Amino acid sequence: MVEGGVTIVKYLLFLANLVLWVGGLSLIIVGSILQLKFDNVLDILGDERLATPIILLVIGSLCTLLGFLGCCGAIRENYCLTVSFAVLLALLITCEIAAVIIGYALHDSFRLGISNQLQTGMVRYHESRGVESAWDKTHQLFECCGVTNSSDWLTFTSIPDSCCVEEMEGCVRENAPLFEAGCIHSVEQWTLKNGAMVGGICAVLAAIQLVGVCFACCLSKSILKDFHDFYY
């Protein structure tokens, strides 16, 4: 049983991991809501595994698992659990930092890739019911039309009725008002707007993770010392 100042570290580590566990659950909930809300929209972006909701679900699951592991290791004063938690958490922090750096460095390439993928989806609009449904939902959800504007559709096919401000069958033929903004711009604005919120949550979790690593190292060292003092 640890004593003195290490006891404070023990309970602070438990509290930090409890917050990490709750934060992980929050990311899972947010990711699930986004996944349900934007169901089928991601068909026009290619690989669903790279979508924000999927990333949030993965990060949230990892934080929840690590938070649970850290809480058990701290409250039970288990050396193996505490060390495993510290190592895994340090690896997670490293991966998060690497992901941020890579995301910032490849921002322009990512934008170009999304633009190309959207144009590919326009070609397949009448070939795949899933792609057609995804585009129609994207138009209405983001209030946009085409990649850069509605004229993009004229290169591949006719402008779909989902580009109308008030969607109804045959509204394009009746010269109804269309959404003026392109979807690449609308998606970027949505990403920046929500990215700030997600980034803030991740920054708080990263700070808690860093504190958790320090506390876990201190606690595991104290547990190991007590073990040697008891047996030797």
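The values are calculated or read from the model by the stated rules, or taken from the named source; none is laboratory data. In this text the structure is predicted, and so the values were computed from the model without any measurement. Reconstructed Cβ throughout: ideal geometry from the backbone, glycine too, with neighbour counts over all protein chains shown. These area figures cover heavy atoms from the full protein model, side chains too; ligands, DNA and RNA do not enter into them. Shrake-Rupley method; radii C 1.70, N 1.55, O 1.52, S 1.80 Å.
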- Message: I'm trying to understand the selection: among the residues of the stretch 163-181, which are closer than 16 Å to LYS137 by Cβ and crowded, with 19+ Cβ neighbours inside 10 Å?
- Response: CYS163, CYS164, PHE179
- Message: Of the conditions (1) at pLDDT below 80; (2) within 30 Å of ILE59 (Cα to Cα), HIS185 satisfies every one except a single condition; which number is it?
- Response: (1)
- Scan of the stretch 153-179 for residues that are within 17 Å of GLN119 (Cα to Cα), modelled with pLDDT of 85 or more and of a type outside the set (A, V, I, L, M), ordered by number: TRP153, PRO160, SER162, CYS163
- Provide a single number: the residues in the stretch 126-140 that are assigned to a helix (DSSP H, G or I) and either open to solvent by less than 40 Å² (accessible area, probe 1.4 Å) or not basic (Lys, Arg) (or both). 10
- Message: On the basis of being open to solvent by 60 Å² or more (accessible area, probe 1.4 Å) and modelled with pLDDT of 80 or more, does LEU65 make the cut?
- Response: yes
